[in-house]
Structures are given as structure tokens and as C-alpha cells.
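Notes to accompany the following structure.
The values are calculated or read from the model by the stated rules, or taken from the named source; none is laboratory data. Every value quoted in this text rests on a predicted model; they were computed, and no experiment measured them. All Cβ positions, glycine included, derive from the backbone under ideal geometry; neighbour counts span all protein chains shown.
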Amino acid sequence: MSRRDTRLPARRRRTLGAVVAGAAALVLGGCAQDAPQDTWQPAGDNAQKIHDLQWPVFLVAGVIGVIVLAVVAFAVVRFRDRGQPMPEQSHGKPALEIALTILPALILVGVGIPTVSTVFDLAEEADTECIINVTGQQWWWEYDYPVQDGCGGISAPIVTSGQLVIPADTNVLLRLTSRDVIHSFWIPKLNGKKDTVPGRVHTLRMQADEPGIYAGQCTEFCGLSHANMKMEAVALFPADFQTWVANQLEDYQAPAEGSLAAEGEATFTANCAYCHQVNGLTTTAPDGSVTPVLANPDEFVVSGAAPNLTNLMTRNTFAGATWDLLTEECRDRVWNAPPEEFGERYLAGVSADCLNEVDLREWIRNAPAKKPMYATADQAANSGGKFRGMPALGLNESQIDQIIAYLLERH
């Protein structure tokens, strides 16, 4: 009798080869250098503590995993059914049972002690020098800098969104909450995750070793556009951070009369200021009286808030940090700047020649078509007439030109 051919058919070999190649591509892709959200590339003291804990744990887990898989593979091959008698059972061997109980317990103790110690270290707040309130809502992040002596001194409140600006090499205390559902704040290179829960305040210490931009993501499913709820932390040298604070607190300057931006100011006031605040924006009545324009997003938005657009063009992103305000070339120039040049490039803001006008126009023209949101009239009817996200305002191209010209002056 000839020996049975045990080779796999050609079709199965090709399929197996494709599976192996795909798995290898995924593994190698996960090892890419300079990934924006790479937990294995810590850029701050808190992230370094997590890194110092996780790599030995992963190493031990990997070794144990290989041993277990090897034993299972050996058992499957060595004791596969050939019609032989049942193999000898290990039940009733006290030495083996005790060893297999004590060894996992020792491993858990070895992991548990440094884990508990790290958790307590990460919860430390006494060494923080700056306080920032962080509020999550569908689907963006608001950053509120209260008046304080910390952060080098902030003399008036600052409210911004999308990009969390912090002084480098400084322990910052974030006070996190939510206005609607549970979100989770995570900037992998700077610290671990922390949930934001309505009605509660959770704290998180943040610190970046060097100036730069660090990407993050909401990691708690929070509805339709959860995947589009991003954030960025911008670290600046303390002197540059003070320049940023001064820029945010500058008095409002109205556009030159008769300019396209002045037309944009009127268009913005008539269509956008119901929800979006611009500090210092006023209207003048026929009798000459001047009235501040105050947004009332609580009347129109489920979360009761919309991004404050004061000095919008000092930021690099919009719409919950989903899109860049900068063109790709200008963005790369900022993101890849060396630490000593980063502050100057970031503080330059968004100029007309660097503006990503394509995405910004699409957003102003029809926001729900660009980012999934419950922002149509039918969807608002199910939320008491309030939207979850920015609705389409029905602006024509001329009005969009005016608003963009107006926003460009906010840098």
C-alpha cells in the first residue's frame, strides 16, 4: 500500500499563505514607528510609569502564552486519537496540583504589587501646578481654563475646544466631566484613560516632556460619531504658553467696515451666534446702543453647549478635532517641528494661505453630511426639538465666503 499523500491541496496552500501574510501585515502595521496614538512611545512622566509597568507584564504574559500554546500543540499532536488507550491522568498528583496553584498565584502577586503602586502614583494630585476643566459632549471636547495663579497665571477664564494647550514639563490637573453621556478621555503618549461621567468630576494628571502635539481619542462608545470624537494635546514651553494665554485674552477687534470679514460678522451673528460664542462680539441698535452677543446653545443643543469660536484660527482643528484647519503641507510643518521651533510655528495660527478651506467650506455648507450626527429636524423632534451636533444652516456660497473671511480674523 502506498503512503497517503499528506500535502495540502494547492488551493488550501494559497489560502493559508494569504491568511499568514495578512496576519503578518497586521502585526507589522501595529509596530509602525511614530504612530500618533502609540502607547509604547511615552512622551510624559505619567505615560512612562504606565510603560514601565506594561512592558514586563506583556513580556511575562507572552512567555506564558508561548509555553501554553506549545503544551497544547504537543498534547494535540502527541495524544491525538489513534484508537489507543486513554493516557495517564494527572488527577490525584498533589505535587503537580500544588505547583499549578502556587505558580499562578506568585505571578499574580508579582503583577499586582507594581500595578497597585503605579495606580496610586498616577492618582497623585499634590504636585500639579495648573488646573484645566475638560468637558465631553457629543462629539467634541471643551477645555475651560479658570482664573488661577497656576499655569503661570491666568487672569480671566479661557474657553476653547479641540486642542488642549498645556505648558510642557508641567504637571497639569484635568478635571473631567460630561454634559450628556459617558465619554472617555485618552491621550496615549501622555497618560491612561479616564471616563467622563455626567454629574461627576474625575481627575487626571497630564504632563508632556517636550513641546509638540499629541493625538488622542474618545474610548467610550458615545453614540453615532464616537469614532470622530478626537482630541489633541498641545504642549508649549512655559514662555510660549504665556503668549498663547495672552493671545486668547486679547480684546475683540471688529473687522474693518465694508470688508468681506465685516459682512461675515453680520452673517455669523445672524446664523451662528445662537449656539457659538465669540467673546467681545456686539451688535449696535438703531439708537446707537451696543449689546453683547451671547450664545444660547442650551436652547438648541441637547448637551447645552457648542464650541466657543473665539480665536478659532489659533487652533489647528475644528469639528471635534475631526478635521485640520491647516493644509497638509502646513500641518506637517507644525507637527514635525523640532521642540525649539514648535512654539513659534504653532502660535502663528492659521493664515489664509495655510487654511484647509475645502473641509471648512463643506462643514459650514452641510455639517451633518460631513460628520454623522443627530442634527436633522426629524432627529431633533425625538430630542425635544434639540440637535445633537451642528445642523445644516442652508447658507449660500456667498455667505460661506463671508463667514470664512470673518473666522480668519480670529487668529
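Which ones in the range 164-186 are part of a strand (DSSP E or B) and among the basic types (Lys, Arg)? Show your work before the answer.
Residues of the range 164-186 part of a strand (DSSP E or B): 164-167, 172-178, 183-185.
Result: Arg175, single match.
Across the range 29-50, the number of residues qualifying as under 17 Å from Gln207 (Cα atoms), in a loop (DSSP other than H, G, I, E, B) and either among the polar types (S, T, N, Q) or at pLDDT below 85 (or both) comes to 6.
The residue that is surrounded by the most Cβ atoms within 10 Å (Cβ to Cβ), counting only those in the range 289-333 that are farther than 30 Å from Glu344 by Cβ and among the polar types (S, T, N, Q), is Ser303. Say whether the condition of being over 30 Å from Trp40 (Cβ atoms) and at pLDDT 90 or above is met by at least one residue in the range 205-224. Scanning the range 205-224 turns up no residue that is over 30 Å from Trp40 (Cβ atoms) and at pLDDT 90 or above.
Does Gly349 count as among the small types (Gly, Ala, Ser), surrounded by 20 or more Cβ atoms within 10 Å (Cβ to Cβ) and more than 18 Å from Lys230 (Cα to Cα)? It is false that Gly349 is among the small types (Gly, Ala, Ser), surrounded by 20 or more Cβ atoms within 10 Å (Cβ to Cβ) and more than 18 Å from Lys230 (Cα to Cα). For the range 264-278, does any single residue satisfy the condition of being of a type in the set (Asp, Glu), under 26 Å from Pro36 (Cα atoms) and either in contact with a helix residue (DSSP H, G or I) (Cβ under 6 Å, 6 or more places away or on another chain) or buried (at least 22 other Cβ atoms within 10 Å of the Cβ) (or both)? No.
Among helices (runs of 4 or more DSSP H) entirely within the range 315-411, having at least 1 residues that are in contact with a strand residue (DSSP E or B) (Cβ under 6 Å, 6 or more places away or on another chain) singles out 328-335, 339-347, 357-365, 377-381.
So, Thr177, is that one touching a residue at least 12 places away in the same chain (Cβ under 8 Å), over 26 Å from His51 (Cβ atoms) and assigned by TED's automatic domain parsing to the domain that holds Pro338 or not? First the steps, then the outcome.
On the way: touching a residue at least 12 places away in the same chain (Cβ under 8 Å): yes; over 26 Å from His51 (Cβ atoms): yes; assigned by TED's automatic domain parsing to the domain that holds Pro338: no.
No: the conditions fail for Thr177.
For the range 203-224, a residue qualifies if it is buried (at least 20 other Cβ atoms within 10 Å of the Cβ) and in a loop (DSSP other than H, G, I, E, B), and the qualifying residues are Gln207, Ala208, Pro211, Cys218, Cys222. If the requirement is being under 30 Å from Val57 (Cα atoms) and surrounded by 19 or more Cβ atoms within 10 Å (Cβ to Cβ), which of these qualifies: Ala233, Ala227? Within the list Ala233, Ala227, the selection yields Ala233. Is there a residue in the range 68-79 that is in a loop (DSSP other than H, G, I, E, B) and either under 23 Å from Asp209 (Cα atoms) or out of contact with any helix residue (DSSP H, G or I) (no Cβ under 6 Å at 6 or more places or on another chain) (or both)? Checking the range 68-79: at least one residue is in a loop (DSSP other than H, G, I, E, B) and either under 23 Å from Asp209 (Cα atoms) or out of contact with any helix residue (DSSP H, G or I) (no Cβ under 6 Å at 6 or more places or on another chain) (or both). Just to be sure before I move on: is Pro146 at pLDDT 90 or above and out of contact with any strand residue (DSSP E or B) (no Cβ under 6 Å at 6 or more places or on another chain) in the structure I sent? Yes; evaluated as a whole, the condition is true for this residue.
Of everything in the range 286-314 that is out of contact with any strand residue (DSSP E or B) (no Cβ under 7 Å at 6 or more places or on another chain) and over 30 Å from Phe241 (Cβ atoms), the residue that is modelled with the highest pLDDT is Asn296. Taking each residue of the range 275-288 that is farther than 17 Å from Leu249 by Cα and not assigned by TED's automatic domain parsing to the domain that holds Ser161 and looking for partners that are modelled with pLDDT of 80 or more and loosely packed, with under 10 Cβ neighbours inside 10 Å with beta-carbon atoms closer than 6 Å, six or more apart or interchain, yields Thr283/Thr291; Thr284/Val290. Among the residues examined, Ala337 does not qualify as in the same structural domain as Leu281 (by TED's automatic domain parsing), closer than 29 Å to Tyr274 by Cα and not hydroxyl-bearing (Ser, Thr, Tyr).
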